[in-house]
Every structure is written in structure tokens, then in C-alpha cells.
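The values are calculated or read from the model by the stated rules, or taken from the named source; none is laboratory data. Worth saying up front: this structure is predicted, and the values here are computed from it rather than measured. Cβ placement follows ideal geometry from the backbone for every residue including glycine, while neighbour counts extend to all protein chains displayed.
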Amino acid sequence: MGIHHDAGPQAERGSGERLLWPDVLRGLTVVSMVLFHGMWDAVFLFGLRAPWYMALPGYLWQQSICWTFILLSGFCFRLGRHPVRRGLQVSALGLLVTAVTVLFMPEDRVVFGVLTCIGACMLLTAGLEKAAWRERVRAAGEAAEEASGLRGSAVGLGVSAALFFLTRNINSGWLGFERILIAPLPAGLYRNLFTAFFGFPAPEFYSTDYFSLIPWWFLYLCGYFLYGIWQRRQGTVLCLLKEKDRRQRTVPCLLRIFRWIGRHALLIYALHQPVLMLVLTLVFRLSA
């Protein structure tokens, strides 16, 4: 999917070309996710001792995965077709994960997991992008929009990053980022499942994979605006590896493997836990 002149919300969609590096990066992150979840299963379900996994290294590993997924999803928003349909599909898969875990693994249930969050980010961004584009067309001509696009993307990136850092700790009742606590939030905000979806979980809320709309939508928007900067800086050909290019045969085999994994990320996400459970069960039984 090539990069073209920004003639509207759908300008980059439907070109029949696809960038290589986002798929490769997504594929690398999928592999990291599978390994991380494999360690989680081994530690919490099979009793493997791994103190480092429960400490800072494990946390940084987990954060590297979710940050990359969410940033990359925002970056690729305008590279895909039918963002609303795609958002609904991802949200539906997130709800399926919730239903399966609640019914069959209630002690390890996933409520408002990363897929639910990304699906909601897609839908919300699609709605706001459409409304914002109509307003821009009403306010200025196409040439003016192109001239102000880079500046607008830079401002959007800065605001989104600031909001993400400001709200990173709202799940635990604070404004701030990680150990930087700026101000406590009113306890009355943390009421029920509805408020948990937005980032304000009630004290009794529990999920093994919790990604609320706030702060993660702001990180998603960082990726979205990063694409706006990258698209205008790189143009149509610089630093691109197009999947339908005749030079495709020069792409190393390992990159093709990761590209394939990245293009099938949703399928792998849906199937990896049952496969991991089967493999780990066999491994621990044979080693017993």
C-alpha cells in the first residue's frame, strides 16, 4: 500500500501495494508476544521459577510488546482499507477472547484486553478522522491542507504524547507516568465495568490483560501522527520496500518469514495460547 498525496482520509488506502517494514516489525513483535505468553504460562500455570520474569526485566518485555503493537497499529491506520470494518473485526475478536476466558479460565480472564482496546481505537480514530477531514475541507483548500499537514502532525504527536504520559497511571488512581505521580484522581471515577473501559476500574475489577481506552488511545494517536510526519518526509519512494515490487526477490528469507507472521498476526493471536498450552503440557510431562 503505497504512500500518495494526502487527498483525504482514504488517500493511502486501496493502492494495491503494501509496505514491507511494518509487517516485519509486527511479525517480530508477534514472536516476542508468543514467547512472553509462553513464559507466563510456564511460570503461573506450570510452576517454573523465573524471578526475573516477575521483576523489571519481565515488565519491560511486556511493555515493549504492547507499546509496539499499539504504536504500529496507529501508524498503519491510513495504510489499510475499511478501518471501521477492521475495527469491528478486531473488537469482535477481543470480545471472543473475553468470553472464552470468562467461561473456561475465569481465574485468568481477559476483560478489556489489547484487542478490545485497539479495536476501539480504530473505530474512534475513524470517526474523528472523518469529521476532522470534512472540517478541514470546509475551512481550506487542498493546497493549504498539504502545507499545514506536517505542522499539524507534529502538533498532534506532541499533544498525544503529552496526554499519554500524563494519563499513564490513571488505572491506579493517579495522573502521571510510571513512578512519576503528579496528582491523585477522585475515587468516585472508579465505579464499574463502564468506567473500567475508559480507564477507571473499580477496586474489584480484575483482568490478566487490561488495556483501557485511556491512556492507550493517546499512544495509538502517537502512531497515527507519526505516520503523517513520516509520509510527508519520506515521499512516495524513499525508504520503502514495496511488496509488489520486482525487487521483492531480493528480500532476505528471514524478513519474508517475519512479514508472513506480521500479516497473519490476528490468526496467530487467536491460536497461540491453545498451542502453547499443548506444547508446555507435553514438555513438563516429559521432564517430570
- Note on the structure: Residue pairs qualifying under the 8 Å Cβ cut-off, at least six apart or on distinct chains, with the first in segment 169-184 being part of a strand (DSSP E or B) and the second being at pLDDT 95 or above and among the hydroxyl-bearing types (Ser, Thr, Tyr), are LEU175/THR167
- Message: Would you confirm, using the coordinates I've provided, whether CYS66 is hydrophobic (A, V, I, L, M, F, W, C) and over 24 Å from LYS130 (Cβ atoms)?
- Response: yes
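Residues LEU72, LEU88, LEU60, LEU56: which one is surrounded by 19 or more Cβ atoms within 10 Å (Cβ to Cβ) and either more than 10 Å from the chain's Cα centre (by Cα) or within 20 Å of PHE218 (Cα to Cα) (or both)? Break it down into steps so the answer makes sense when it comes.
Working: LEU88 fails: surrounded by 19 or more Cβ atoms within 10 Å (Cβ to Cβ); LEU60 fails: surrounded by 19 or more Cβ atoms within 10 Å (Cβ to Cβ); LEU56 fails: surrounded by 19 or more Cβ atoms within 10 Å (Cβ to Cβ).
Step by step, each of LEU72, LEU88, LEU60, LEU56 is checked, and only LEU72 is surrounded by 19 or more Cβ atoms within 10 Å (Cβ to Cβ) and either more than 10 Å from the chain's Cα centre (by Cα) or within 20 Å of PHE218 (Cα to Cα) (or both).
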- Note on the structure: In segment 178-215, residues that are surrounded by 12 or more Cβ atoms within 10 Å (Cβ to Cβ) and charged (D, E, K, R) total 2
- Task: Restrict the check to segment 223-233 and report whether at least one residue is at pLDDT below 95 and exposed (fewer than 12 other Cβ atoms within 10 Å of the Cβ).
- Result: yes
- Name, by its number, the condition in (1) crowded, with 16+ Cβ neighbours inside 10 Å; (2) more than 23 Å from the chain's Cα centre (by Cα); (3) of a type outside the set (Phe, Trp, Tyr); (4) at pLDDT 95 or above that does not hold for GLY149. (4)
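Before we move on, is TYR206 outside any helix (DSSP H, G or I), more than 19 Å from the chain's Cα centre (by Cα) and touching a residue at least 60 places away in the same chain (Cβ under 8 Å)? I'd like the intermediate steps shown before the answer.
Values: outside any helix (DSSP H, G or I): yes; more than 19 Å from the chain's Cα centre (by Cα): yes; touching a residue at least 60 places away in the same chain (Cβ under 8 Å): yes.
Here the answer is yes, as TYR206 does meet what is asked.
Can THR98 be described as of a type in the set (S, T, N, Q), surrounded by 18 or more Cβ atoms within 10 Å (Cβ to Cβ) and under 12 Å from the mean Cα position of the chain (by Cα)? It would help to see each step written out before you state the result.
Numbers: of a type in the set (S, T, N, Q): yes; surrounded by 18 or more Cβ atoms within 10 Å (Cβ to Cβ): yes; under 12 Å from the mean Cα position of the chain (by Cα): no.
So THR98 does not fit the description; no.
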